[in-house]
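**Q** Below: one structure in structure tokens.
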Amino acid sequence: MSDLIKPDLKFLINSFHHFNKLIFSNELPTPDFRMSSARTFGGQFKWTNKYNPATKKINPTAFRIVLSNFQSRPRQVVEDIIIHEMIHFFITYKGLRDSSPHGRIFRHYMNHINSKLGRHITISMRGRQSAEKPSDALCIENNRNIPVEHSAPTVGKPEKSYICLAEMTDGKTLIARFAVTMILQIDREIRTWDKVCSHSWYYSTDSCFSILPRCRSLKLYAPDSRQLKVLAEKRTIRFKVTPDGRLRQI
Ligand SMILES: [Zn+2]
């Protein structure tokens, strides 16, 4: 572990192509590469979900891998961080539905790569820095943006949809459809999310929302123009909690 390096963009790009060939059979497209001086994470994988009206599917796009050069680390550790982010990339790109950002599928690939290539890729939770585990990737995933997890669109059959529309601090407008039983919890969570400026709830039976998964956790998606138009013409809805703990629309 004496081989300390301070990674740069060239190292990130070269490593990506090396491991893409070695581990992922060159299946990953070349993402956007960025360096960061952040101390709170070692690497990040980001992407955007985009709705394709032709196929009526939400596809992941605009992939980006960010690597922190805040501190010098052993070369092996930096490589493990890059591979860690590439596993996220692979899962997202393939549209695999994992149980959580570091769920069953992620750990399957991680363990397989570790044993096959003698690597030490690990999972680290947000912001936790561990001196005992220098190989921790210390990643922060874009885990508000879980990869494709949409139900099959139902054509022509109106479905009840409770939609949350959120105005984000970066100026974007995002939406999500939630199970009615989750509204109270989601409403609480979204209020504490610092990237959300404001949010409002809508009820609709328009089939344009059927493409969205009925989420049971806080996830937001980029709306298409039709969904935005439908919401713009609707009034927001408000809820109150009844004494017996039920949610009632007011
Ligand atoms: Zn991760």
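The values are calculated or read from the model by the stated rules, or taken from the named source; none is laboratory data. Being a predicted model, the structure only gives us computed values, none of them experimental. Cβ coordinates were reconstructed from backbone atoms using ideal geometry, including for glycine residues, and neighbour counts include every protein chain displayed.
**Q** Out of the residues in the range 1-22 that are touching a helix residue (DSSP H, G or I) at 6+ places or on another chain (Cβ under 6 Å) and surrounded by 13 or more Cβ atoms within 10 Å (Cβ to Cβ), which is nearest to T92 (Cα to Cα)?
**A** Looking at residues that are touching a helix residue (DSSP H, G or I) at 6+ places or on another chain (Cβ under 6 Å) and surrounded by 13 or more Cβ atoms within 10 Å (Cβ to Cβ), I get F19.
**Q** While we're here: Output the strands (runs of 3 or more DSSP E) that fall wholly within the range 153-250 and possess 1 or more residues being of a type in the set (D, E) and closer than 23 Å to P60 by Cα, or say none. Walk me through how you get there before you give the answer.
**A** Working: elements: 161-168, 173-178, 196-204, 239-241, 247-249.
Passing ranges, in order: 161-168.
**Q** Here is a further query. Over 19 Å from K6 (Cβ atoms), under 23 Å from the mean Cα position of the chain (by Cα) and either of a type in the set (D, E) or not in a loop (DSSP other than H, G, I, E, B) (or both): is that true of I91 in this structure?
**A** yes
**Q** Being under 18 Å from H17 (Cα atoms) and hydrophobic (A, V, I, L, M, F, W, C) is the filter here, so list the residues in the range 82-109 that pass it.
**A** Answer for the range 82-109, where residues must be under 18 Å from H17 (Cα atoms) and hydrophobic (A, V, I, L, M, F, W, C): I82, I83, M86, I87, F89, F90, I91.
**Q** Let me ask another. Return the residues of the range 35-80 that are surrounded by 15 or more Cβ atoms within 10 Å (Cβ to Cβ), part of a loop (DSSP other than H, G, I, E, B) and aliphatic (A, V, I, L, M); say none if nothing qualifies.
**A** A38
**Q** Next question, about the same structure. Return the pairs, sorted by first residue and then second, in which the second residue is more than 14 Å from the ligand (Cβ to nearest atom), the first residue lies in the range 100-122 and is assigned to a helix (DSSP H, G or I), the beta carbons are less than 7 Å apart, and the residues are 6+ apart or on different chains.
**A** Taking only residues 6 or more apart or on different chains, the pairs are I105/L96; I113/I23; I113/R119; N114/H120.
**Q** When the residues of the range 199-208 are filtered to those that are over 20 Å from the mean Cα position of the chain (by Cα) and at pLDDT 85 or above, which remaining residue is surrounded by the fewest Cβ atoms within 10 Å (Cβ to Cβ)?
**A** Residue satisfying both the conditions and the ranking: T205.
**Q** Same structure, new question: Which members of the range 92-122 meet the condition of being near the ligand (Cβ under 10 Å from one of its atoms) and under 23 Å from N14 (Cβ atoms)?
**A** Residues satisfying the conditions are M110, I121, T122.
To keep it simple, each residue is scored yes or no on (1) within 24 Å of I113 (Cβ to Cβ); (2) out of contact with any Asp or Glu (no Cβ under 7 Å at 6 or more places or on another chain); (3) without any contact (Cβ under 8 Å) to a residue 12 or more places away in the chain; (4) not aliphatic (A, V, I, L, M).
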| site | (1), (2), (3), (4) |
| --- | --- |
| F16 | yes, yes, no, yes |
| S25 | yes, yes, yes, yes |
| T61 | no, yes, no, yes |
| L67 | yes, yes, no, no |
| I81 | yes, yes, no, no |
| I87 | yes, yes, no, no |
| F90 | yes, yes, no, yes |
